[in-house]
1. Please give the FRET efficiency for residue 231 paired with residue 399, using the beta carbon to beta carbon distance and R0 = 41 Å, rounded to the nearest 0.05.
2. 7 Å from Cα along Cα→Cβ at both residue 376 and residue 257: what's the point-to-point distance in nm?
3. Pop a pseudo-label 7 angstrom from the Cα along the beta-carbon direction at both residue 133 and residue 368 and give the gap in nm to one decimal.
4. Taking 0.36 nm per residue of separation and subtracting the Cα-Cα distance, what length does fully extending residue 410 through residue 82 add?
5. What full-extension length gain, to one decimal in nm, is calculated for residue 383 and residue 293 as 0.36 nm per residue of separation minus the Cα-Cα distance?
6. Mind giving me the FRET efficiency for residue 212 and residue 40? R0 is 45 Å, r the Cβ-Cβ distance, nearest 0.05 is fine.
7. Along Cα→Cβ, 7 Å out, is where each label goes; now give me the distance between the ones at residue 391 and residue 344 in nm to one decimal.
8. Can you work out the FRET efficiency for the pair residue 246 and residue 316, with r the C-beta to C-beta distance and R0 = 41 Å, to the nearest 0.05?
Amino acid sequence: SSVCMAVPLFEYPSAEDRCRDGDESACTAALAVRVADTIFTAIFTLELLVKVVANGLLVPYPTAYLRDWWNVLDFSIVFVTLVTLPLEDSDGHAQVGSFKALRALRALRPLRMISTIPGMKLVVNSLIQAIPAVVHVLSVMVLFMVIFGILGVQLFMGTYASCNDETRLTKAECLPGTFVDPETGDVLQRVWLNPSFGSFDNMAVAVLTLFEMAFLELWPDVMYRGMDTYNKDEAPRRDASPAAAMFFVTWIFVASFFILNLVVGVVMDNFIQISEQEDADFMETEEQREWAATVSRSVKFKPKPRIQQPRKRWRRAVYWLVNSTELEVAVATAISLNVIVLATFHCTPSQNELDCVYQSGWERVWVLSDIVFTWVFVAELVLKLCALGCAYFRDPWNLFDMALVIVSLVEVAVDFLQFSIRFDPTQLRLLRIFRIGRLLRLVRQAR
């Protein structure tokens, strides 16, 4: 049946279209396919009726025909075929235009093979049951894309662009006007623009570039361009920043070699579990399977060390506050808002200006929000130290939070001191990069 559906489409135009144009051989082929389609539809309809008579349509549960999702798929395909077949003319075209979409659903007929081949059915079931775990893996990938996207904006914003007139090396020199292309001799408008294969001028473009690189799409071109970056609003120069390759190689290892392969591993693990479960169904009773599942779950659980409540009343109140759901939600909200503000940091190019143009209002928002969020996390740190005491340092996540708070305080202090003491902009940029570590705190909040 699937072959009969594909035969008329082996060449363009199809046999049905050529028959309508008067090709007799095409009409013969279309008629043969239509007769075969009618025969196969009759066979599938007879199979459906036999199964309904033997098992029932909706009752008894759970052996009834429509209680199995694969049978529901078969029933839908046969129903669509029976509805559309009488509405076709002798050339195979739908007589009613609104039924053309229903006729296209007959392309699902090859899916009936899944319900008849146990191995194929096992693979599809494993893919469907692995979707929740795959979603969790992809959420981790999105988190890392945001982290590397913000890092890429901090490192490469405004450095990928160049003038289409190769004699102009800076944006200040790339003034509006015309020039003659030395290769083609055409007169072109002089424009300062980014390459077509990716850049990091804002968060959206950075995430899109990283997404394409994760699938190894033009990633060497993006990496070589990053290695050639020289300075903001200056054209790239050959091998001006060779250390930038570490950023792109790290991303390829994290995204392509680790996370994407982890998706495959999740599907394979689910496939193995389903295979073992189906094999065990023939050898174990229901009680034995429940006992084995209980033992397996108990092995995975580990006892958590219990922290003794403080004796002083005020510390006990702080202890309950620290362990409350309300504070956890508030901290997660603060982290999410901080991530959103970091993601809005971007470069707005200007043709007549030397550097990127920032809206003064947004620039104040970035600075003030960084100070506010820093002191929010400092307050959280102080509350946990008061409530937990020395037990605070037993959790590695707490040590990670403390390190982020200390680096954030240093960054805020440096931002205030740079007006009186001159710092290297590269050092300031490296300090700001540590703010991206706040994103990883979302992993702790999602545990």
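1. 0.65
2. Between residue 376 and residue 257, the simple spin-label model gives 3.7 nm.
3. It works out to 4.9 nm between the two label points.
4. 110.8 nm
5. Full-extension gain reported as 28.3 nm.
6. Values: r = 43 Å, r/R0 = 0.96.
Using R0 = 45 Å, I get an efficiency of 0.55.
7. For the pair residue 391/residue 344, the computed spacing is 4.0 nm.
8. On the way: r = 48 Å, r/R0 = 1.18.
Efficiency at R0 = 41 Å is approximately 0.25.
The values are calculated or read from the model by the stated rules, or taken from the named source; none is laboratory data. Everything numeric here is computed off the predicted structure, so don't read it as measured data. Virtual Cβ from ideal backbone geometry, glycine too; neighbours counted across all protein chains shown. Surface areas here come from the heavy atoms of the whole protein model, side chains and all, with no ligands, DNA or RNA. Shrake-Rupley method; radii C 1.70, N 1.55, O 1.52, S 1.80 Å.
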